[in-house]
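The block underneath contains the structure these notes are about, expressed in structure tokens.
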Amino acid sequence: MMTKIKPHGPLPSQAQLAYLEDELAAFIHFGPNTFYDQEWGSGQEDPKRFNPTKLDAREWVRVLKETGFKKLILVVKHHDGFVLYPSAYTDYSVKASPWRDGKGDLLLEVSQAATEFDMDLGVYLSPWDAHSPLYHVDREAEYNGYYLAQLKEILSNSAYGNAGKLTEVWMDGARGEGAQKVNYEFVTWFETIRDLQGDCLIFSTEGTSIRWIGNERGYAGDPLWQKVKPDQLGTEAELDYLQHGDPSGTLFSIGEADVSLRPGWFYHPDQDNKVKTPKELMDIYFTSVGKNGVLLLNVPPNKAGRFAEADVKSLRGFAQLQQQIFGHNLLKHAAVTCKTIAGKGAAVVDNNYDTSCEPKAIQGKATFIFTTPQPISFNVLSVQEDIRKGQRVEKFSLSYLDVQGKWQKIATGTTVGHKRLLSFSEVKAKKIKLTIDESRGIPAIAEIGLYRQSP
Ligand code: FUL
């Protein structure tokens, strides 16, 4: 890789880069709430009601893999405290349920399927626990020890994960109104995760590798910087700050946009007709992945332990749409003109993220001009910075040469980062120009694409 520019700002770890490249992760919320038809449990739910009769973890993973998801985050323990594997530290788990005669281990079943299909696996382990009697300010040390013991139990068991590897731990920040204000020993928890699972991503309210994007609609901010100042985070962080990140941030942090395929995080039969359509999912893809983020989409199994038909249909439609739109870059055969300080202009259309071009700015602007063999019709732009050099672009625009030989602006954008998508009214042209109007130093542009989305 030819390069002249020096890294700028915080850079992603290998695991962060891999997640950005993977783009799509799935969440699975499943537990007593599924059987009580509710979103939040009190911790007093009867474990005997947990009895999925047709649960098939292999089927979950197969469907998710076939529809483009690269990672699955299983809610191993939600706020009700019920644990989906037979933990040695509590009886409030699958052990107390009739499922598989109390001998079941859902984390194990999902791990085996993830290993078979090579799906990355993460675990959600809720810090707030409404069931545990230790969840009390007077028993803080004991509670923290309990949480830590379960973390260790999961992360050190080689039967859990994709071939023993867990790639994300999700520490939700929610706590019920009346709940005890127990302080969490985050430092010890984070150290333990790193000790046991190396570069495992951590989602939390603190300055870790992944932050919440500030809403549950799958909507990242514009601009979006994948960096933050850790002292601006914590449970009281401004939602706006989470949504946009910080151009002067010192920590590389991925804004993870989470949203459910259905209105609720858990399955509710009366929401069967409210499943997001492939088109709605594609809109969310644009507002998350297409803004330089990642999308964590929740697909909640029903009481039987299966994905509802409508959900699978929608996921398949979404996968097809992705292929239809992004399967073919209309700039593939274009000639690229660009003054560079390193790399060739052609590197941005070679469909290889590992080759990039460092354009030379003239009067503060760097341009890429594309000439296609035939006029092309397009309405979607994709731009990618090589994020391994740091995130720099602040403003860019797209224009085409009209029949009078004048450049006409089509669209403008702010940050780029790993991937930025813009959609606009369809244009037909043969000469197209992408301008980097403002940037924090010379950027490394890895890929540029034009696509057509059917109306
Ligand atoms: C929230 C939780 O309270 C919801 O139940 C859900 O798990 C969501 C992903 O995070 O904070």
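Pairs spanning more than 19 Å between alpha-carbon atoms, out of Lys77/Lys276; Lys365/Lys430; Lys332/Lys428; Lys54/Lys303; Lys48/Lys303: Lys77/Lys276; Lys365/Lys430.
The mean sequence distance of close C-alpha pairs (under 8 Å, at least 6 residues apart), as a share of the length of the range 249-360, puts its relative contact order at 23 percent. Placing a label point 7 Å from the Cα of Asn352 along the Cα-to-Cβ direction, the residues of the range 1-35 whose backbone N falls under 13 Å from that point are 1-2.
Could you calculate the contour length gain from Ser42 to Asp231, that is, 0.36 nm times the residue separation minus the distance between their Cα atoms, to one decimal place in nm?
Extra length available between Ser42 and Asp231 comes to 64.8 nm.
Other residues lying with their Cβ under 9 Å from the Cβ of Pro300 contribute a combined charge of 0, Lys and Arg counting +1, Asp and Glu -1.
At full extension, Ser248 and Asp101 could sit 47.5 nm farther apart than now, given 0.36 nm per residue minus the alpha carbon distance. A cut-off under 14 angstrom between Cβ atoms defines the neighbours of Ala310, and their net charge, with Lys, Arg +1 and Asp, Glu -1, is +1. A simple spin-label model places pseudo-atoms 7 Å from Cα toward Cβ; at Ala159 and Glu142 they are separated by 2.9 nm. The range 355-372 and the range 394-441 have Cα centres spaced 12 Å apart. Taking all protein chains together and rolling a 1.4 Å probe, Arg58 ends up with roughly 110 Å² accessible.
Would you mind telling me the antiparallel percentage of the DSSP bridges in the chain, rounded to 5?
60
Its Cα centre serving as origin, the chain has a Cβ charge dipole (Lys and Arg +1, Asp and Glu -1) of approximately 2260 debye. If you average the C-alpha positions of the range 188-242 and of the range 244-289 separately, how far apart do those two centres end up, in angstrom? Rounded to whole Å, the Cα centres lie 16 Å apart. Helical runs (DSSP H, four residues minimum) scored at -39500 (n - 2.57) apiece and divided by the length of the chain put the mean residue ellipticity at 222 nm at -6500 deg cm²/dmol. In this label model, His333 and Lys430 are separated by 1.4 nm, measuring between points 7 Å along each Cα→Cβ vector. At a probe radius of 1.4 angstrom, the accessible area of the chain per residue rounds to 41 square angstrom.
Only protein heavy atoms count here; on that basis, with a 1.4 Å probe, Glu185 has an accessible area of about 80 Å². Using the Cβ-Cβ distance between Thr277 and Glu21 with R0 = 35 Å, the FRET efficiency computed as 1/(1 + (r/R0)^6) comes to roughly 0.85.
Computed from the C-beta positions of Lys4 and Lys395, the FRET efficiency with R₀ = 30 Å rounds to 0.85.
The values are calculated or read from the model by the stated rules, or taken from the named source; none is laboratory data. Just so you know, these numbers come straight off a predicted model, no measurement behind them. Note that we place each Cβ from the backbone using ideal geometry, even for glycine, and neighbour counts take in every protein chain shown. Keep in mind that these areas ignore ligands, DNA and RNA; they rest on the heavy atoms of the full protein, side chains included. Shrake-Rupley method; radii C 1.70, N 1.55, O 1.52, S 1.80 Å.
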